[in-house]
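The values are calculated or read from the model by the stated rules, or taken from the named source; none is laboratory data. Since the model is a prediction, treat every value here as computed from it, not as a measurement. Cβ coordinates were reconstructed from backbone atoms using ideal geometry, including for glycine residues, and neighbour counts include every protein chain displayed. Side chains are part of the model used for accessible areas, which takes the heavy atoms of the whole protein and leaves out ligands, DNA and RNA. Shrake-Rupley method; radii C 1.70, N 1.55, O 1.52, S 1.80 Å.
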Amino acid sequence: RAKSNGRGHCQLFDPVLASEISERLEFENDLRDALDRGELELFYQPQVEVGSGRIVGLEALLRWRHPGKGMVSPTVFVPILEELGLIELVGEWVLRTACRQHRVWRERGLSPPRIAVNVSGRQFLRLGFAETVERILTEEGTAVTAVELEITETVLAHDTDVCIETLRRLKRLGLEIALDDFGTGYSSMSYLKRFPVDTLKIDRAFVAECDVNAEDAAICTAILSLARGLGLKTLAEGVETPGQLEFLRREGCQFYQGFFFRRPMPVEEVERLLAEDVSLISSRHFKPTVPE
Ligand code: C2E
Ligand code: MG
Ligand code: MG
Ligand code: MG
């Protein structure tokens, strides 16, 4: 953070600033080593079908277990990974880890739903991104239906040609794409017509008060109606209360995720949840009247 001293441009030594800078450098150095030290891991948050309560997806959310600072939020370190040019490397690790996790769960008979993987703008707009995705899926023996990619709408505004080409390639592979944090960026609605995406994820900012605030309700309703008109799926993020869920159900939102159902969870907890879910479904299958 630069300190401006007005027109004199005289920059005095500032011990607070200096210690901030050295702290920041230390933080960056820690981050550079985080991957090699095995300090990064993925948590998973269930995505649920509003109508049935069925778990249809798991969003992979990156976590950094810092040895001294504890758990660091991706909102803090993902932007720094981008600045340091490390996001491609970490992004590939995230996708590969999600693919491997999916396979492990498959092999244990847990019937995992598909995993949604966040992709940073820098990673997505890099030439060859679609090929990288294809290579990782092939190397890990992962079906295209086992993963979904989440990009933010601001990506669409950046490098349109690269963006369309990459999206087309991913679609040709058979991957589904969700537009994350929808409604917060600057992208024009006409982008939705040109870019082949599958799902709009309504940003948490609009969901938080959708059942009590008329403006937020109007925005949610407008997004849902837009999505319906364009044949896109809808998922509301950040659902915390039954009131919000009820509003979304009434307005025809198809999927949701949020603390109301489950917080993002470490692997062992997901496994317990998937095991429960499987037993629920299989107990239903014991009824001879319900064929599968
Ligand atoms: P996002 O992709 O929009 O993820 C949703 C965020 O909302 C997550 O924060 C999640 O923990 C949080 N959340 C979910 N339900 C609720 C709720 O009911 N209430 C509240 N208050 N929050 C809820 P998280 O895990 O801290 O991640 C923040 C952001 O960091 C993500 O936003 C995404 O943009 C980025 N991120 C996370 N993992 C990755 C990754 O692997 N790669 C990249 N490029 N970015 C990532
Ligand atoms: Mg996301
Ligand atoms: Mg989101
Ligand atoms: Mg968000």
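With the helix formula -39500 (n - 2.57) applied to DSSP H stretches of n ≥ 4, the chain reaches a computed 222 nm mean residue ellipticity of -15000 deg cm²/dmol. The trypsin sites (Lys or Arg not before Pro) of segment 94-165 meeting both criteria, a DSSP state outside H, G, I, E and B (loop) and at most 14 other C-beta atoms within 10 angstrom of the site's C-beta, are Arg108. The Cα atoms of segment 20-170 define a convex hull whose projected area, averaged across directions, is 10.7 nm².
Over all projection directions, the Cα-based convex hull of the chain averages an area of 19.7 nm². Label zone of Arg32 (point 7 Å out along Cα→Cβ, amide N under 13 Å): in segment 66-100 this covers 84-86. Rounded to the nearest 10 degrees, the angle from helix 15-34 to the longest Cα principal axis of the chain is 40 degrees. Amide H contacts of Glu59: Gln45, Gln47, Ala116, each under 5 Å away and 5 or more positions distant or on a separate chain (H built 1.01 Å from N in the peptide plane; Pro and chain starts excluded). Residues considered: Asp14, Asp277, Asp159. Largest GNM mean-square fluctuation over the chain, using C-alpha springs under 10 Å, is found at Asp14. For segment 125-251, count all C-alpha to C-alpha pairs, find those more than 19 Å apart, and express that count as a whole percent of the total. Value for segment 125-251: 51 percent of Cα pairs lie more than 19 Å apart. Which FRET efficiency, nearest 0.05, do Val16 and Glu107 yield, Cβ-Cβ r, R0 41 Å? So, using R0 = 41 Å, E works out to roughly 0.20.
Placing unit charges on the Cβ atoms of the charged side chains and taking the dipole of the chain about its Cα centre, the candidate lying farthest along the positive direction among Leu35, Leu156, Val144 is Val144. Counting lysine pairs in the chain that sit 8 or more residues apart in sequence, or on different chains, and whose Cα atoms lie under 28 Å apart gives 7.
Modelled label positions at Glu268 and Asp159, each set 7 Å beyond Cα in the direction of Cβ, lie 4.3 nm from each other. If you plug the beta carbon distance of Glu39 and Glu276 into 1/(1 + (r/R0)^6) with R0 = 35 Å, you get a FRET efficiency near 0.75. Averaged over its residues, the chain has an accessible area of 53 Å² per residue, based on protein heavy atoms and a 1.4 Å probe.
Bridges between two residues of the chain, per DSSP, are antiparallel at a rate of about 40%.
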